[in-house]
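Trainee: Pasting in a structure now, in structure tokens, and then I'll have a few things to ask.
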Amino acid sequence: MIEGARWKRWVFFYLPMAFFLLFLLFPFYWMVITAIRPDGELYRPWNSINYNPFWTTQPTWDHVRGLLEETLFATWMWNTMFIAMASTVISLVCGVFAGYALARLNFPFAGGLGTGIFITYLVPQTLLFIPLAEIIRNYSLGDTPWALILTYPTFLIPFCTWLMMGYFKAVPKELEECARIDGASRWQAMLYIIIPVAIPGILSAGIFAFTLSWNEFIYALVFLSSPDQKTVPVGVTSELIRGDVFFWGQLMAGALLGSIPVAIAYSFFVEHYVSGLTGSVKG
Amino acid sequence: MAATAVTTAALGDAPPPRRQRLLEDERKLAFLLLLPTMLLLGLFIAYPFVRGIVLSVTDSRVGVPGDFVGLENYRRLWSDSIFRQSVYNTFLYTGVTTVFKLGLGLWLAILLNRSFRGKAFTRAFILLPFIIPTVLSTFAWKWMFDPTFSVLNWLLYRLGAITGRINWLGDPDLAMISIMVVNIWRGVPFFAISLLAGLQTISPELSEAAAIDGARPWKRFWYVTWPLLLPVTMVVVLFSVIQTFADFQIVYVMTGGGPANATHLFATYAYQIGVGTGLLSQGAAISLAMFPILFLIVVVQLLYIRRVEVR
């Protein structure tokens, strides 16, 4: 527990903590309040009299309804969900296999390959998006979900592999050897003995990969062009602003609803998410 | 039980089918398991990288293949004042935000490392800025910095700090500060949670022993906690520096590189030239100009991490 005099507790703990919470969470409060505030209240200049920005007396669902009825928001949600799920599954399969091979099997260049995969983990998407866009066009993948389903694994696999390697290394070798003595093949030992033990790791990697693909922006922005193919981040950015006019109510409603799937995935698996995050850092 | 299984397998069975023998060979199994990963990474990382270099020494535009022009694109960048501004901005942006993210993140990690009521809850909520799609949360900030309807202006006005409005995103310096604030906001949770994980591996007994020897809290932190936390800190900083250096989303949403190209970073300028105006090769050259710097950061940090680990 926090020790010391009461004023010390306030100065060194409660006040800084309150400052952090306010700084980190205020934008979300601001999204909520904007999303349910009628236009008449939204577009009042900041210095007008009687203006109270922090709550509203007439909450409205107009923005949410407008978003769902007048825009393709629901389609973007489906697109994003499909793309995020598919690329997560591909990355998990690849990551589990590669992680197992690198952690458990003896073969030439294992160390070099491991480092190589780690380096690709550090390649930012913004480095390659222009040549990649050209390649996607040449394969006629442009403007299809496959453009993203196949490219997202490039930043998900390295991270999944790295995380799974850590988990596989922690599983005692004897467990596998016992199964082998009982007549299991290498493949069977991996599938039925080692992978089940590493389920928590797979879950962590999966949650983390899902949120990363849901959040991805630049590839989706460059590779997709028709409004009905877009993902939530790109759709909200490009379709909810007409000309130079920002529809802030709808924008904030879209930002909120578009965050819900990640927020739900996160809230169910906070511990797994945190261990995925810190595992990716500890390496 | 195990012995019988082995004997029946050894005595009774015919040699396993070819497919199975293939999977028994460690090298071949490893090759098969790594194949999908190598294929995807080769096709969508290694190949585009080579393609990008080739593209950057031609003069191709969208739909026009273009001819070999040597280092012309890079030479042109060298004399491009907007590119120079972007380089300066990227370094400033990365440097300033990393210092703040590390400082605030460490502070928050230390606060969270105590036990208090509602700790798990607080920790879960604090990560929100990091997990919510950046583009979407950046819109909330853009709205908060809106020149006419800014809640920040309202607050400062009510507090008596200002009399007229502040045009946050319309002034080059203020716009730069605004995007840095958003980046810090997004990055602090990542630093805090990662450093907290590092702090939790440090035995509190070490600090207690130092306390018994009469060390003040500040000294205990500086001589006991900080050196033990350093390896984790280095890795977290490495990740963050690379991500920040190559950042795109926050600037794209907040200012789009404006006002008057004053807040461009490498990535946003590459996007504007390569996708916006369709000068593919020029855009590829801008993106690739990031590479030597990123490479240097990675090498320096990997060497440092290895040194810490060896020690």
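Values quoted throughout were computed directly from the atomic coordinates according to the rules given, and no laboratory measurement underlies them. Values in this document were obtained by computation on a predicted structure and should not be read as measured data. All Cβ positions, glycine included, derive from the backbone under ideal geometry; neighbour counts span all protein chains shown.
Trainee: Let me check against my output: what whole-number percent is the relative contact order of the range B:72-310, with C-alpha pairs under 8 Å and at least 6 apart?
Mentor: Computed over the range B:72-310, the figure is 28 percent.
Trainee: Another question, if that's okay. Hey, got the average number of other protein chain Cβ atoms within 10 angstrom for residues in A:20-30? All intermediate terms of the calculation are to be shown ahead of the outcome.
Mentor: Working: counts 10, 4, 0, 7, 13, 4, 4, 13, 6, 1, 5.
Going residue by residue through A:20-30 and averaging, the value is 6.
Trainee: Please quote Rg/Rh for the range B:193-236 to two decimal places, taking the Kirkwood radius as Rh and restricting both calculations to Cα atoms. It would help to have the intermediate numbers written out before the result.
Mentor: On the way: Rg = 10.7 Å, Rh = 10.7 Å.
Rg/Rh: 1.00.
Trainee: With charges set only on the Cβ (+1 for Lys and Arg, -1 for Asp and Glu), what does the dipole of the range B:101-252 come to about its Cα centre, in debye to the nearest 20?
Mentor: Values: 12 positive and 7 negative charges, 82 e Å.
Value, rounded to 20: 400 debye.
Trainee: Angle between the Cα long axis of helix A:73-104 and the longest principal axis of chain A, 0 to 90 degrees, nearest 10?
Mentor: Taking Cα atoms only, the helix is inclined about 30 degrees.
Trainee: What's the ranking of B:251-264, B:268-281, B:193-206 by average number of surrounding C-beta atoms within 10 Å, highest first?
Mentor: On the way: B:251-264: 20.4, B:268-281: 22.1, B:193-206: 17.1.
For the peptides B:251-264, B:268-281, B:193-206, the packing ranking is B:268-281, B:251-264, B:193-206.
Trainee: Could you list the square roots of 5 times each eigenvalue of the Cα gyration tensor of the range A:187-245, that is, the equivalent ellipsoid semi-axes, sorted largest first and rounded to whole Å?
Mentor: Ellipsoid half-lengths, sorted descending, are 40, 11, 7 Å.
Trainee: Measuring from centroid to centroid over Cα atoms, what is the spacing of the range A:81-111 and the range A:161-222 in Å?
Mentor: 8
Trainee: Which peptide among B:135-141, A:89-95 comes first, and what is the full order, when sorted by highest mean count of other Cβ atoms within 10 Å?
Mentor: B:135-141, A:89-95
Trainee: With the crude spin-label approximation of a point 7 Å out along Cα→Cβ, what separation in nm comes out for B:Ser79 versus B:Ser115?
Mentor: It works out to 6.9 nm between the two label points.
Trainee: Along the three principal axes, how long is the protein assembly as shown when you take its alpha carbons, biggest first, rounded to the nearest angstrom?
Mentor: That gives 94, 73, 49 Å along the principal axes, largest extent first.
Trainee: Further, regarding this structure: Taking the alpha-carbon centroid of each part, what is the distance from the range B:26-60 to the range A:231-269 in angstrom?
Mentor: 33
Trainee: If the only charges are +1 at each Lys and Arg Cβ and -1 at each Asp and Glu Cβ, what is the size of the charge dipole of chain B around the Cα centre, to the nearest 20 debye?
Mentor: Details: 25 positive and 16 negative charges, 110 e Å.
Dipole about the Cα centre, nearest 20: 520 debye.
Trainee: Turning to a different aspect of this structure: Within 10 Å of each Cβ in peptide A:131-142, how many partner chain Cβ atoms are there on average? Round it to a whole number, please.
Mentor: For peptide A:131-142, the averaged partner shielding equals 4.
Trainee: Using every alpha carbon pair in the range A:144-283, what percent of pairs falls into each 5 Å bin from 0 up to the bin containing the largest distance?
Mentor: Each 5 Å bin holds this share of Cα pairs: 2, 9, 15, 14, 15, 13, 11, 8, 5, 4, 3, 2, 1, 0, 0.
Trainee: Beta carbons within 10 angstrom, averaged per residue: use that to sort the peptides B:75-87, B:237-249, B:180-192, highest first.
Mentor: Details: B:75-87: 15.6, B:237-249: 21.2, B:180-192: 23.8.
Order by mean packing, descending: B:180-192, B:237-249, B:75-87.
Trainee: Please compute the Cα-Cα pair-distance distribution of the range B:168-311 with 10 Å bins starting at 0, giving whole percents from short to long.
Mentor: 10, 27, 28, 19, 11, 4, 1
Trainee: Could I ask something else about it? I need the fraction of alpha carbon pairs in the range A:10-113 separated by more than 19 Å, rounded to a whole percent. Present the calculation step by step, with values, prior to reporting the outcome.
Mentor: Working: 3849 of 5356 pairs.
In whole percent, the share of Cα-Cα pairs in the range A:10-113 beyond 19 Å is 72.
Trainee: While we're here: Mind running the shape call on the range B:82-199? Use the C-alpha gyration tensor, a ≥ b ≥ c as the square roots of the eigenvalues: rounded below 1.5 for a/c, prolate if a/b tops b/c, oblate otherwise.
Mentor: Working: a/c = 2.23, a/b = 1.44, b/c = 1.55.
Since a/c reaches 1.5 but b/c is at least a/b, the shape of the range B:82-199 is classed as oblate.
Trainee: Per the helix-only calculation at 222 nm, which mean residue ellipticity applies to the protein assembly as shown, given -39500 (n - 2.57) for every DSSP H run of n ≥ 4 and division by its residues, nearest 500 deg cm²/dmol?
Mentor: When only DSSP H runs of four or more count, the value is -22000 deg cm²/dmol.
Trainee: If neighbour count is taken as other Cβ atoms inside 10 Å, put A:Ile119, A:Ile130 in order from fewest to most. Numbers along the way, then the final one.
Mentor: Working: A:Ile119 14, A:Ile130 29.
Lowest count first: A:Ile119, A:Ile130.
Trainee: Determine the sum of side-chain charges near A:Asp143: Lys and Arg each +1, Asp and Glu each -1, restricted to other residues whose C-beta is under 13 angstrom from that of A:Asp143. Intermediate values should be presented prior to the final figure.
Mentor: Numbers: positive: A:Arg137, A:Lys230; negative: A:Asp228.
Every neighbour counted, the sum reads +1.
Trainee: Say we join alpha carbon atoms closer than 10 Å with springs in a Gaussian network model of chain B; which of B:Arg61, B:Arg27, B:Arg220 then has the biggest fluctuation?
Mentor: B:Arg27
Trainee: Quick one: what does P(r) look like for the range B:10-157 with 10 Å bins over all Cα pairs, in whole %?
Mentor: 8, 13, 20, 21, 19, 12, 6, 2, 0
Trainee: Tell me the relative contact order for chain A as a rounded percent, counting alpha carbon contacts under 8 Å between residues six or more apart. Walk me through the intermediate numbers first.
Mentor: Numbers: 276 pairs, mean separation 83.1, N = 283.
This gives 29 percent for chain A.
Trainee: Same structure, new question: Using the Kirkwood radius built from alpha carbon pairs, what does the Stokes-Einstein equation give as D for chain B at 4 °C and 1.567 mPa s, in µm² per second?
Mentor: In µm²/s, the coefficient is 54.
Trainee: How much net charge surrounds A:Pro16 when only other residues with a Cβ under 13 Å from its Cβ are counted (Lys, Arg +1; Asp, Glu -1)? Walk me through the numbers on the way to the answer.
Mentor: Details: positive: A:Lys8, A:Arg9, B:Arg114; negative: none.
Value of the local net charge: +3.
Trainee: Among B:Ala120, B:Thr90, B:Leu102, whose Cα lies farthest out toward the positive end of the dipole of the range B:67-156, if unit charges sit on the beta carbon of Lys, Arg (+1) and Asp, Glu (-1)?
Mentor: B:Ala120
Trainee: Within 10 Å of each Cβ of B:46-54, how many other protein chain Cβ atoms are there on average? Please report the intermediate quantities before stating the final value.
Mentor: Values: counts 5, 4, 13, 6, 1, 7, 8, 1, 1.
Averaged over the peptide's residues, the number is 5.
Trainee: Could you give the spread of the C-alpha atoms of chain A along their three principal axes, from largest to smallest, in whole angstroms?
Mentor: So the extents along the principal axes, rounded to whole Å, are 80, 66, 32.
Trainee: Under a point-charge model restricted to the Cβ atoms of Lys and Arg (+1) and Asp and Glu (-1), what is the dipole moment magnitude of the range A:174-283 relative to its Cα centre, in debye to the nearest 20? Numbers along the way, then the final one.
Mentor: Values: 5 positive and 9 negative charges, 35 e Å.
I would put it at about 180 debye.
Trainee: Please identify the DSSP H helices in chain B that span no less than 18 Å along the helix axis (Cα) and have a mean Kyte-Doolittle hydropathy of -0.5 or more. Kindly include the intermediate steps, with their values, before the conclusion.
Mentor: Numbers: long enough: B:26-41 (22 Å, 1.42); B:81-112 (45 Å, 1.06); B:172-200 (42 Å, 1.35); B:226-245 (27 Å, 1.92); B:280-310 (45 Å, 1.62).
Span-like helices, by this rule, are B:26-41, B:81-112, B:172-200, B:226-245, B:280-310.
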